[in-house]
Amino acid sequence: MALLELQDITRTFVNDQVETKVLKGINLNVEKGEFVSIMGASGSGKSTLLNIIGCLDRATSGTYVVNSVLVDKLSENELADMRNREMGFVFQSFHLLKNLTARANVELPLIYRGMSGEERKTRAIKALERVGLGHRMDHYPKQMSGGEQQRVAIARSIVGDPSFMLADEPTGALDTKNTWNVMELFYELNKKEGITIVMVTHDTQVAHYADKIIWLVDGVIDRIEVVTEDKRNKVRAKAAVVIAEAKQKEKTDEAKKAAEGKPQKQQEEEPKAKSVEKSDSKNKEKKWFFHKKKQASEVEPEVKNKEQSPETLQDANKNTDAIHIEAKDNIEEANKNE
């Protein structure tokens, strides 16, 4: 029996007594361990179908079975419990709580299960390590790139070991490098860990990571494309080149910054050193001046106190004047050097 079974699923919306039929009889099975992409033009019913698969909306008619459980008969509380235990969700806009760390965001689904704090912490750390973000567990969303935030969202979706993952345009808000990084992560989770994935995307290359692509046209399945290993490998090879080039560019930029940073630091330190040197020179000249001035002041009273000849007094005055002139010349020279 398939993990997911949809038979004759329809969905009709009524607005101002106007009926709009979005899904018009969908028949689809998803096997355990399968990777399925859903594609189609805007308004084809992609998101509506994903919402029904994720028990976020109910079909107008038809039957939907998840892991042998008939979803149509479940109450709202039972649906909420099924979403929490059976499914993991990844959205285009991440939906992380800004005031919580990466680890706390990943723990959220486990809180609703009534799991102990210690077990939540252990599981969250393990999930973040699985997506390569063990070093980011204490960071907040604003401290992370878009690609890292999406990987936190993926960790949150797998932390409870769900039966399958649902991804709604998971690469829609990412640049090329992070798009391929996320898709490589999905590939690893699906092929190496056996996690079933159902993904809606508008990107044909991203869709070819899946085992099959469901093409929707006006609410019906137009065709199902089986993705060959050759097609998938071609897309992954392109992704590998982009990722490798991005890593090389990051290394080059880091090396360039390091090379530019050293001379700049030296340039900043050199004027400081010169300024300190000039300041020290000026202080030495001033100390010398005041030392000489003190000597002069000691000579003058000594000469005055002793009743010496006018010639002696004249010689003493000349010596004092010479000291003052020499000190003045040294101070002026020091100021010029500055």
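The values are calculated or read from the model by the stated rules, or taken from the named source; none is laboratory data. Only a predicted model underlies this, so the values are computations on that prediction, with no experimental measurement involved. Note: ideal-geometry Cβ built from the backbone for every residue, glycine included; neighbour counts use all protein chains shown. Remember, those area values only see protein heavy atoms, side chains included, never the ligands or the DNA or RNA. Shrake-Rupley method; radii C 1.70, N 1.55, O 1.52, S 1.80 Å.
Using the Cα atoms as the points, what is the convex hull volume per residue of segment 8-95 in Å³? Output value, Cα hull per residue: 141 Å³.
Charges were assigned to the Cβ only: +1 to each Lys and Arg, -1 to each Asp and Glu. The resulting dipole of segment 132-222 about its Cα centre is roughly 320 debye.
Computed over segment 53-200, the range of Cα coordinates on each principal axis works out to 44, 37, 29 Å, biggest value leading. Taking only the Cα atoms of segment 153-247, the ratio Rg/Rh comes out at 0.96, with Rh defined as the Kirkwood radius. Hull volume per residue, based on the alpha-carbon atoms of segment 70-144 and their convex hull, is 119 Å³. Computed over protein heavy atoms with a 1.4 Å probe, the carbon and sulfur contribution to the accessible area of segment 1-95 reaches 46%. In terms of overall dimensions, the C-alpha atoms belonging to segment 121-202 reach 32, 28, 17 Å along their principal axes, ordered largest to smallest. Positive end of the dipole of segment 1-120 (Cβ unit charges, origin at the Cα centre): among 27, 13, 77, the Cα lying farthest that way belongs to 13. With K and R counted +1 and D and E -1, the other residues having a Cβ less than 13 Å from that of residue 161 yield a net charge of +3. Ordered by 1.4 Å accessible area with all protein chains kept, 121, 73 run largest first as 73, 121.
Our analysis of segment 199-265 gives Rg over Rh at 1.34, with the two radii drawn from alpha carbon positions and Rh computed by the Kirkwood formula. Computed about the Cα centre, the dipole magnitude for segment 33-186 is approximately 380 debye when only Lys and Arg (+1) and Asp and Glu (-1) carry charge, each at its Cβ. What segment 27-152 shows is 50 Å² of accessible area per residue, with the surface traced by a 1.4 Å probe over protein heavy atoms. All alpha carbon pair distances within segment 5-59 were sorted into 5 Å bins beginning at 0; the resulting P(r) in whole percents reads 5, 16, 26, 28, 15, 6, 2, 1, 0. With Cα atoms defining each centre, segment 1-48 and segment 131-185 are spaced 25 Å apart in the structure. Using a probe of 1.4 Å on the protein chains alone, the accessible area found for residue 135 is around 130 Å².
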